[in-house]
Amino acid sequence: MVALGIICLIKRDFSPIWAPVHKGVPARELLIYLCAFVSVSCGIGLLWHRLAATAARVLLAWLLLWFLLFRLPFVVASPGVETSWSACETAVMLAGAWVLYVWFASEWDKGLPIARVLYGLALIVFGLAHFMYLKNTVSLVPRWLPWHVFWAYFTGGAFIAAGLAVLIGVYARLAASLSAFEIGMFTLLVWVPIVAAGSKDAYQWSETIVSAALTAGAIVVAESYRGVPWLAVNKR
């Protein structure tokens, strides 16, 4: 979260989690710095035990507000996988913040179903994007891996299967954990080597940080199933 806020300050524009925001939106410049402030302050707060609960509440409120005011209307106005992708990135972060909120509030069951639904829907869209933008997906598969097209199809299908499992509550803990692992491996195998090679491309750095944030959000959602049997059916 801190890194996402720093991106806003460096670019003087919205980081991928918040973008895109139409240039005609009132007080757009102010919103950029407000997003940066919320990202940095909440990120620092989550690292400080005494402030973690407050930081989780603020982050949840801001992400929820942003999702309702900017992401959903954007998807409704221009439906499609490409427009839904940015909304789903925000949805994963929102799901993770929601889990953190109920975790620190000691109200473990309150709101978790909504967070899991958001996460499951986001996974399905991620998977569909792999199929609809196959060429772009294939180009991101590391060169040392064989069968690039196979991995693009396999990871897309895995996202869709995991999303459905989370939504219907069938092997949900296993699905959430494996999807978090998949997002994490995508971060490690695709983006980390790119920036480690000395890339100065702002887009690649932004995507690396976003991918790391999505990995963290996915891990938090998977952690919400602690205590649930791995192969449980329709159990929360």
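Quick notes
- Search result, residues across the range 147-178 that are under 9 Å from GLY127 (Cβ atoms) and within 17 Å of the chain's Cα centre (by Cα): THR155, GLY156, ALA158, PHE159, ILE160, ALA162, GLY163
- Considering only residues in the range 194-216 that are without any contact (Cβ under 8 Å) to a residue 40 or more places away in the chain and β-branched (Val, Ile, Thr), the one that is nearest to LEU145 (Cα to Cα) turns out to be ILE194.
- Taking the numbered list (1) in contact with a Ser or Thr (Cβ under 6 Å, 6 or more places away or on another chain); (2) in a helix (DSSP H, G or I) in turn, ALA53 passes all entries but (1).
- Being free of Cβ contacts under 8 Å to residues at least 12 places away in the same chain and either touching a helix residue (DSSP H, G or I) at 6+ places or on another chain (Cβ under 9 Å) or not in a helix (DSSP H, G or I) (or both) is not true of TRP191.
- Boolean, PRO113 is in a helix (DSSP H, G or I) and loosely packed, with under 15 Cβ neighbours inside 10 Å: yes
- Selection from the range 70-92 of residues that are at pLDDT below 70 and within 15 Å of PHE126 (Cβ to Cβ): GLY80, VAL81, GLU82, THR83
- Subset of the range 2-19 [surrounded by 19 or more Cβ atoms within 10 Å (Cβ to Cβ), of a type in the set (Val, Ile, Thr) and not in a loop (DSSP other than H, G, I, E, B)]: ILE7
- Pairs where the first residue, in the range 152-174, is farther than 15 Å from ALA129 by Cβ and the second is assigned to a helix (DSSP H, G or I) and of a type in the set (Ser, Thr, Tyr), C-beta under 8 Å, 6+ apart: VAL166/TYR119; VAL166/SER179
- Which listed residue, of LEU59, LEU31, is under 18 Å from the mean Cα position of the chain (by Cα) and either at pLDDT 90 or above or buried (at least 20 other Cβ atoms within 10 Å of the Cβ) (or both): LEU59
- Output for the range 174-213, where each listed residue is in contact with a Gly (Cβ under 9 Å, 6 or more places away or on another chain) and over 24 Å from SER15 (Cβ atoms): ALA175, ALA176
The values are calculated or read from the model by the stated rules, or taken from the named source; none is laboratory data. This one's a predicted model, so the numbers in the text were calculated from it and none came from an experiment. When we count neighbours, we look across all protein chains shown, and the Cβ atoms used for this are built from the backbone with ideal geometry, even at glycine.
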